[in-house]
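The next block holds one structure in the form of structure tokens; read it before the comments.
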């Protein structure tokens, strides 16, 4: 798992650990990973929790992080990526370097990592790749299109990955959370249909187990986004959201 | 740090569980408990279950640091039950994870929706205070982030003064980030409970003392609208954890929580419906216990064990029950008077409430054991009384000041975790160790960076 120390990733990792899955937490901050690993272990995981270094800003290190996961688990059967970069639109609009970094992490790096993992899993008979995109990728909005574009790219990539690897036993799950109350969204005005990380985690875990290719969480966002996708562009220009 | 800076925090109304008073605060809910650079005032807040203004910002727009997302278990000793966790972990989560393995919080207040950090800051007590004391007694180690942003560790033997000032210190000595506490082993998730109707106050106080000799948990519910000879009538409850042989083989089921969908209208809280509710509660219990006793004992055996939650957390079954007190909210008044002052002081308090005609649901009465070494810890050896007063402006505040006068005369004090209106001069008369506490606080936080609406009111901090 990449992103298990925080937010929805933390909630999902707890569900997995509590039912006995063995986990390897991948991330940048060794002390933080260690604290989360201890949390998951103490919560009674009959499974086993290890940590290894992975920085989404350094794709060169992905192969060795996946090697470390393979060593720790024998061979991992599922990759989950909940980690992502986020920033306010005004910041991204003003600061090209910051924007570049966000696009790199959310699209390029995540796609490279998932591609590598899918190839590895296909080579040994299958598994699952689950990555967190966003409803922001379903339709561009003026107030959030920079972040949204990175997620739209990721959603398209994951759709293709699903098609390309379905025959080789790899399930691909694209999670599209709506507004979820986490530290990432703290301070933003809370819209209707906002969800809690624990509830999202349940939905995602079921989707991973079943291999549901696209999952909205909370599920109501599927219909919210369907309605928003149907709005003509002329209407999108007039509404301020 | 990114959590605190990158998100432009919008203001939101912040109140205690009593929903009075309310103040606008900039609320951060980070997963990592850091302080923003620059010495800006901060108020730590857990799950917001303190009733008054203990977790209400000192000034409009002040930074409130909600800790509930910092909820990781950092270590658990499976032999001894010693748990180290981040301060935002809730008792609800501890119960969910550790009760099935036979561990229970050493002390629990009447709701499980509290953080461990909040339990330390309020030095909470429970139905076992007469036997076990308050929460701080089971804390081995604390990690604090103090005013300058640095990390200090303290405990009963390490930086003892800071530890004693932090336990019961209402979050005013620093941000509690990690807590090590000792859970107690239990045989099951079930309780053996007995309840008995008690006709008056004297019998209630005697009953609590007697029950306390053999039972780890005791508490009384009082119909605080009954007058005259019936003053102080109520239900005495005794409980203990059920042994493995007594308990049903399966753990209790979690029921669906009900939500109070809207604020109750105020007429519902006027004395007549309230008196009806309280009397009904009393007679229901009186009838049940009579029926139980008259049935053939030998075949039926002792009462069936009940789930822990229905003994410890009856109100947790109703989400947002505080809305039952209407839009204007309520004050919970909780005081303790020393054993020596005894029944007359408690009777005087109840009489004042009855006289004031302020309706309240059942009041809770409980006898406390010896006081703790923590400077601001609430309980002391004697009797504690807690009752809800629907907030009706200055009239209600005046009643609290009157009740406080009785408490001061009896040598007692009020509980800061409940308080919203006690005056600074009254509080100083209640807490002899206040000067010692101030000295320790000034040493660690000379600028009083950690402050709340309550510390402004009761301790004279600048808003």
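Could you count how many residues in the stretch B:82-134 are under 24 Å from residue B:382 (Cα atoms), touching a helix residue (DSSP H, G or I) at 6+ places or on another chain (Cβ under 9 Å) and in a helix (DSSP H, G or I)?
The number of residues fulfilling the criteria is 6.
Counting only residues that are touching a helix residue (DSSP H, G or I) at 6+ places or on another chain (Cβ under 8 Å) and either surrounded by 19 or more Cβ atoms within 10 Å (Cβ to Cβ) or within 20 Å of residue B:30 (Cβ to Cβ) (or both), how many does the stretch A:173-193 have?
First, the residues of the stretch A:173-193 that are touching a helix residue (DSSP H, G or I) at 6+ places or on another chain (Cβ under 8 Å): A:173-184, A:186, A:193.
Now drop any that are not either surrounded by 19 or more Cβ atoms within 10 Å (Cβ to Cβ) or within 20 Å of residue B:30 (Cβ to Cβ) (or both), which leaves A:173-184, A:186.
Total satisfying the criteria: 13.
Mind counting the residues in the stretch B:135-155 that are part of a loop (DSSP other than H, G, I, E, B) and either on the phi > 0 side of the Ramachandran plot or surrounded by 15 or more Cβ atoms within 10 Å (Cβ to Cβ) (or both)?
Let us first name the residues in the stretch B:135-155 that are part of a loop (DSSP other than H, G, I, E, B), namely B:146-150, B:155.
Retained after the next criterion (residues that are either on the phi > 0 side of the Ramachandran plot or surrounded by 15 or more Cβ atoms within 10 Å (Cβ to Cβ) (or both)): B:146-147, B:149, B:155.
Qualifying residue count, the stretch B:135-155: 4.
Can you pull out every residue in the stretch B:214-235 that is at pLDDT 95 or above and surrounded by fewer than 23 Cβ atoms within 10 Å (Cβ to Cβ)?
B:214, B:215, B:216
Counting just the residues of the stretch A:16-28 that are over 17 Å from residue A:54 (Cβ atoms) and either buried (at least 24 other Cβ atoms within 10 Å of the Cβ) or touching a strand residue (DSSP E or B) at 6+ places or on another chain (Cβ under 8 Å) (or both), which one comes out nearest to the other protein chains (Cβ to nearest Cβ)? Talk me through it step by step, then tell me what you get.
Step one: list which residues in the stretch A:16-28 are over 17 Å from residue A:54 (Cβ atoms), which gives A:16-22.
In the following step, the residues that additionally are either buried (at least 24 other Cβ atoms within 10 Å of the Cβ) or touching a strand residue (DSSP E or B) at 6+ places or on another chain (Cβ under 8 Å) (or both) were identified as A:16-17, A:22.
Numbers: A:16: 15, A:17: 11, A:22: 18 Å.
So the residue we want is A:17.
Failed condition for residue A:163, given (1) within 14 Å of chain B (Cβ to nearest Cβ); (2) more than 15 Å from the chain's Cα centre (by Cα); (3) closer than 30 Å to residue A:119 by Cα, with all others met?
For residue A:163, the exception is condition (1).
Based on this model, can you work out whether residue A:175 counts as away from chain B (no Cβ under 14 Å) and assigned to a helix (DSSP H, G or I)? So that I can check it myself, show each step before the final result.
Values: away from chain B (no Cβ under 14 Å): yes; assigned to a helix (DSSP H, G or I): no.
Spelling it out, it is not the case that residue A:175 is away from chain B (no Cβ under 14 Å) and assigned to a helix (DSSP H, G or I).
Kindly list the number of the only condition in (1) free of Cβ contacts under 8 Å to residues at least 24 places away in the same chain; (2) crowded, with 17+ Cβ neighbours inside 10 Å that fails for residue A:100.
Going through the list (1) free of Cβ contacts under 8 Å to residues at least 24 places away in the same chain; (2) crowded, with 17+ Cβ neighbours inside 10 Å, residue A:100 breaks only (2).
What are the residues in the stretch A:194-207 that are farther than 11 Å from residue A:12 by Cα and either part of a loop (DSSP other than H, G, I, E, B) or modelled with pLDDT of 95 or more (or both), if any? Spell out the reasoning first.
Here is the first cut: in the stretch A:194-207, the ones farther than 11 Å from residue A:12 by Cα are A:194-196, A:207.
Residues satisfying the conditions are A:194, A:196, A:207.
Here is a list: A:214, A:203, A:170. Which entry is away from chain B (no Cβ under 14 Å), without any contact (Cβ under 8 Å) to a residue 60 or more places away in the chain and surrounded by 21 or more Cβ atoms within 10 Å (Cβ to Cβ)? It would help to see each step written out before you state the result.
Numbers: A:214 fails: surrounded by 21 or more Cβ atoms within 10 Å (Cβ to Cβ); A:203 fails: surrounded by 21 or more Cβ atoms within 10 Å (Cβ to Cβ).
The match here is A:170.
Quick one: which residue in B:381, B:351, B:355 is within 28 Å of residue B:131 (Cβ to Cβ) and not assigned by TED's automatic domain parsing to the domain that holds residue B:164?
Values: B:351 fails: within 28 Å of residue B:131 (Cβ to Cβ); B:355 fails: within 28 Å of residue B:131 (Cβ to Cβ).
Just one listed residue meets the conditions, B:381.
Out of all the residues in the stretch A:42-49, is one or more crowded, with 18+ Cβ neighbours inside 10 Å, within 14 Å of chain B (Cβ to nearest Cβ) and without any contact (Cβ under 8 Å) to a residue 24 or more places away in the chain?
Yes, the conditions are met somewhere in the stretch A:42-49.
Taking residue A:4 as meeting all but one of (1) without any contact (Cβ under 8 Å) to a residue 60 or more places away in the chain; (2) more than 10 Å from every other protein chain (Cβ to nearest Cβ); (3) outside any helix (DSSP H, G or I); (4) in contact with a strand residue (DSSP E or B) (Cβ under 7 Å, 6 or more places away or on another chain), write down the number of the exception.
Status for residue A:4: all satisfied but (1).
With the condition kept exactly as written, say whether any residue in the stretch B:47-57 is touching a residue at least 24 places away in the same chain (Cβ under 8 Å) and more than 30 Å from residue B:128 (Cα to Cα). Steps first, answer last, please.
Step one: of the stretch B:47-57, the residues touching a residue at least 24 places away in the same chain (Cβ under 8 Å) are B:47-57.
Pick out the ones that are also more than 30 Å from residue B:128 (Cα to Cα) and you get B:57.
Taking every residue of the stretch B:47-57 in turn, at least one turns out to be touching a residue at least 24 places away in the same chain (Cβ under 8 Å) and more than 30 Å from residue B:128 (Cα to Cα).
Given A:31, A:13, which one is modelled with pLDDT of 95 or more, in contact with a strand residue (DSSP E or B) (Cβ under 7 Å, 6 or more places away or on another chain), within 30 Å of residue A:101 (Cα to Cα) and within 12 Å of another protein chain (Cβ to nearest Cβ)? Break it down into steps so the answer makes sense when it comes.
Values: A:31 fails: in contact with a strand residue (DSSP E or B) (Cβ under 7 Å, 6 or more places away or on another chain).
On inspection, the qualifying residue turns out to be A:13.
Just to be sure before I move on: is residue B:183 modelled with pLDDT of 95 or more and either assigned by TED's automatic domain parsing to the domain that holds residue B:363 or under 22 Å from the mean Cα position of the chain (by Cα) (or both) in the structure I sent? Explain how you work it out, then say what you get.
Numbers: modelled with pLDDT of 95 or more: yes; either assigned by TED's automatic domain parsing to the domain that holds residue B:363 or under 22 Å from the mean Cα position of the chain (by Cα) (or both): yes.
It is true that residue B:183 is modelled with pLDDT of 95 or more and either assigned by TED's automatic domain parsing to the domain that holds residue B:363 or under 22 Å from the mean Cα position of the chain (by Cα) (or both).
If residue A:227 satisfies all but one of (1) modelled with pLDDT under 95; (2) closer than 21 Å to residue A:10 by Cα, what's the number of the condition it fails?
Only one criterion is unmet by residue A:227, namely (2).
Anything in the stretch B:234-259 that is assigned to a loop (DSSP other than H, G, I, E, B), touching a strand residue (DSSP E or B) at 6+ places or on another chain (Cβ under 7 Å) and farther than 15 Å from residue B:308 by Cβ? List them, or say none. Explain how you work it out, then say what you get.
First, the residues of the stretch B:234-259 that are assigned to a loop (DSSP other than H, G, I, E, B): B:242-257.
With touching a strand residue (DSSP E or B) at 6+ places or on another chain (Cβ under 7 Å) added as a condition, the list becomes B:242, B:246-248, B:252, B:257.
Listed by number, the list holds a single entry, B:257.
The values are calculated or read from the model by the stated rules, or taken from the named source; none is laboratory data. Treat the numbers as computed from the prediction; the structure is a model and nothing was measured. Cβ sites come from the backbone with ideal geometry, for glycine too, and all protein chains shown count toward neighbours.
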